[in-house]
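Engineer: Got a structure for you, written out below as structure tokens; questions coming shortly.
The numbers here are math on the coordinates, done by the rules we state, and not lab data. Since this is a predicted model, take the numbers as computed values, not measurements. Glycine also receives a Cβ, built like all others from the backbone with ideal geometry; neighbour counts cover every protein chain displayed.
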Amino acid sequence: MLGPVILAASRSDKMRRFVSAAPGTKQVVDRFIAGETVDQVVPVIVDSADKGLEVTLDVVGEDITTPEQATAARDAYLELVGRLKDLGLGERAEMSVKLSMFGQALENGHELALANVRPVVEAAAEIGTTVTLDAEDHTTLDSMFAIHEELRKDFPKTGCVIQAYLFRTEDDARRLAANGSRVRIVKGAYKEPASVAYQDKPEIDKAYVRILKILMDGSGYPMIGSHDPRLIAITQELARRAGRKLDEYEFQMLYGIRSDEHLRLAAEGHRMRVYTAYGTDWYGYFMRRLAEKPANLLFFARSVLTK
Ligand code: FAD
């Protein structure tokens, strides 16, 4: 019950101000956010690489309100690519982007987001890596998939994300599995109405497995974004049945969540990519992490109250 309430709060400016200013917030935020600046995230990337993990880097921020902010988002990612190049880590580190941060919701947002994300995808390709387009709320997805298709004409490794809770996703999965895309499958983290999305966890999990099967049987590269032990075991079995080798799919988990499992899967020879978020505009990302696990909210409340 708490999840939808927290997700509603994630859209409230009043709550944003309250949570951001609360004493004790930083301590909890630090569990999920790897740093505020590129300089702070670099040691985390290096440490992950040393442990045999890959990363996908997310400069947090979304729902911007001016074209200048969209340009700043582009520049933040270009700065990141520059650092990855200097570190020689292009092959181990990808990037994840939210098109809302590149201007998708502004006037002529589709064109603006495409124009802002393209240079990032180009720069990533130059250092031997790629970009995945995150999935946001359902109203943004037609535009996201169209941008994904457009970018893939020149950069076929550009990835995208699909969300198991949406009714539309099995069709999207079939299309993406047939055209050889890199696709991250996740359960879905936004507050969606019953007209477009399953609301019950068991229904979402069943849909996840159906979609997983479509991706495993297709010609693309499935990226399994989940911490759910049952889904991880099912992935391994479906990959085996589909005859996929260990480098023909990968697991992805979030920084700060089930870190022991990151290492266990990597030690088993799986490609394990840690979604590593950093930056100062962490509010929306942080609230989705609270919504996913009510225990996080208790921890957060305790930490605020004891400060
Ligand atoms: P759950 O059933 O939610 O969790 C399984 C177990 O994992 C829990 O029992 C708990 O032990 C642990 N766990 C899960 N979440 C948390 C948490 N927040 N804090 C502490 N423990 C937790 N969603 C989108 O809508 N769009 C995206 O682009 C997107 N990208 C993602 C990228 C990656 C790499 C991952 C892993 C997730 C992404 N998500 C995205 C979020 C996703 O939709 C889910 O909300 C999230 O992964 C929780 O679902 P789960 O599969 O881990 O299963």
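Engineer: So which aspartates and glutamates can K191 reach, going by Cα to Cα under 13 Å and dropping same-chain residues fewer than 8 places off?
Structural biologist: E136, D137, D200, E292
Engineer: Identify the trypsin sites (Lys or Arg not before Pro) of the range 172-262 meeting these criteria: DSSP loop state and at most 14 other C-beta atoms within 10 Å of the C-beta.
Structural biologist: K245
Engineer: Between D50 and V304, 0.36 nm times their residue separation minus their Cα-Cα distance comes to what?
Structural biologist: Roughly 88.0 nm would be gained on extension.
Engineer: Also, I was wondering about something else. Can you return the lysines within cross-link range of K206? Criterion is Cα-Cα under 17 Å, with same-chain partners fewer than 8 residues away left out.
Structural biologist: Cross-link targets: K187.
Engineer: Would you mind calculating the gained length between T37 and M15 on full extension (0.36 nm times residue separation, minus the Cα-Cα distance), in nm to one decimal?
Structural biologist: Contour length minus the Cα-Cα distance gives 5.5 nm.
Engineer: What is the spin-label model distance, in nm, from R168 to A72 if the labels are put 7 Å beyond Cα along the C-beta direction?
Structural biologist: With each label point 7 Å from Cα toward Cβ, the separation is 3.0 nm.
Engineer: Run the quick spin-label model on E248 and E149: label points 7 Å from Cα toward the beta carbon, then report their separation in nm to one decimal.
Structural biologist: Here the modelled spin labels are 2.7 nm apart.
Engineer: So what's Rg/Rh here for the chain, counting alpha carbon atoms and using the Kirkwood radius for Rh?
Structural biologist: Radius of gyration relative to Kirkwood radius: 0.93.
Engineer: Just from its helices, what would the mean residue ellipticity at 222 nm be for the chain, if runs of 4 or more DSSP H residues each count -39500 (n - 2.57) and the sum is divided by every residue, rounded to the nearest 500 deg cm²/dmol?
Structural biologist: Working: 13 runs with 162 residues, N = 307.
Using -39500 (n - 2.57) per qualifying helix, the result is -16500 deg cm²/dmol.
Engineer: Identify which of E250, E107, E192 has the largest mean-square fluctuation in a Gaussian network model of the chain, with springs joining Cα atoms closer than 10 Å.
Structural biologist: E107
Engineer: For a Förster distance of 41 Å, can you work out the FRET efficiency between the beta-carbons of S259 and N108, rounded to the nearest 0.05?
Structural biologist: Numbers: r = 41 Å, r/R0 = 1.01.
E(calc), rounded to 0.05, equals 0.50.
Engineer: What spacing in nm lies between the two simple spin-label points modelled at L87 and T139, each 7 Å away from Cα in the Cβ direction?
Structural biologist: My value for the distance between the label points is 3.6 nm.
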